[in-house]
Amino acid sequence: MGCSVRLKVGRGTPTRFRTGKRHYNFGMSETEISTSNEFSLSGQLLIAMPNLLDPSFAGSVVYLCEHSNKGAMGLVINRPTDLDIQNLLKKIDVTVPETFSTPFPVMMGGPVAADRGFVLHTEPLHWSSSVKVNDELSLTTSRDILEAVARGDAPDKWLITLGYAGWGEGQLEQELAQNAWLTVPANHTILFDTPLEERFAGAYAMLGIDPALMSGAAGHA
């Protein structure tokens, strides 16, 4: 779990900023979303089962941006970092108005490329470095969308993560066969509106399941 799926999201010079002893980049990613007509779980949520004990994913909800026979790439959507979006913008020298506010912090998108920033968002879908995930969502890594966030001109719905979750060829399929995950189609409410602390139970509720009643051998949907 956590194997890198290499994908390129746009081009350009990364914007670097430092938080504590770590450097983070907002700009060119080394990851590329491909398109395919084969069976795919792209656009689905992965919901961790009780037997998934990996500390990077236990209790997590992951939005799958890409899934093909070459691997998968997604963003954990229910784990906050200790960095709020206002401070992130200041770290990369984006002017932030005093009236700026947002209900969510920067998310911990996954253990791969944890120094890279990703914005998952609704329309407008095209920015300097954007990859269209589907007809309603794009994944953007360029500074221009962050400047729009600060100005109040951001897309209607958006979230920011550092890092992503990646699976190599056949790896996610193996984990699904081992009952590590449940799957359910995502919607904008769970991605952008549901409070972070409610997303795990909320994702289970989309399947009509109470997670407190689940066991590791329950199977996957």
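Summary of values
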{"item": "Residue count, region 69-87 (criterion: open to solvent by 10 Å² or more (accessible area, probe 1.4 Å) and not in a loop (DSSP other than H, G, I, E, B))", "result": "3"}
{"item": "Tally of residues being farther than 20 Å from residue 133 by Cα, open to solvent by less than 70 Å² (accessible area, probe 1.4 Å) and either touching a Lys or Arg at 6+ places or on another chain (Cβ under 7 Å) or not β-branched (Val, Ile, Thr) (or both) across region 93-114", "result": "7"}
{"item": "Test: residue in region 183-197 that is in contact with a helix residue (DSSP H, G or I) (Cβ under 6 Å, 6 or more places away or on another chain) and either farther than 30 Å from residue 96 by Cα or of a type in the set (Lys, Arg) (or both)", "result": "no"}
{"item": "First in region 38-63 and on the phi > 0 side of the Ramachandran plot, second anywhere and open to solvent by less than 40 Å² (accessible area, probe 1.4 Å) and of a type in the set (A, V, I, L, M), Cβ under 9 Å, 6 or more apart", "result": "43/64; 43/133; 43/137; 43/186; 59/48; 59/52"}
{"item": "Unique match (being touching a residue at least 12 places away in the same chain (Cβ under 8 Å) and out of contact with any helix residue (DSSP H, G or I) (no Cβ under 9 Å at 6 or more places or on another chain)) among 106, 131", "result": "131"}
{"item": "Test: residue 208 is open to solvent by 60 Å² or more (accessible area, probe 1.4 Å), within 23 Å of residue 41 (Cα to Cα) and of a type in the set (Gly, Ala, Ser)", "result": "yes"}
{"item": "Residues located in region 158-199, provided they are assigned to a helix (DSSP H, G or I) and closer than 22 Å to residue 117 by Cβ", "result": "188, 190, 191, 192, 193, 196, 199"}
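The values are calculated or read from the model by the stated rules, or taken from the named source; none is laboratory data. Note that this is a predicted model, so its numbers are computed, not measured. Heads up, the Cβs are rebuilt from the backbone with ideal geometry, glycines too, and the neighbour counts pull from every protein chain shown. Note: areas computed on protein heavy atoms with side chains; ligands, DNA, RNA excluded. Shrake-Rupley method; radii C 1.70, N 1.55, O 1.52, S 1.80 Å.
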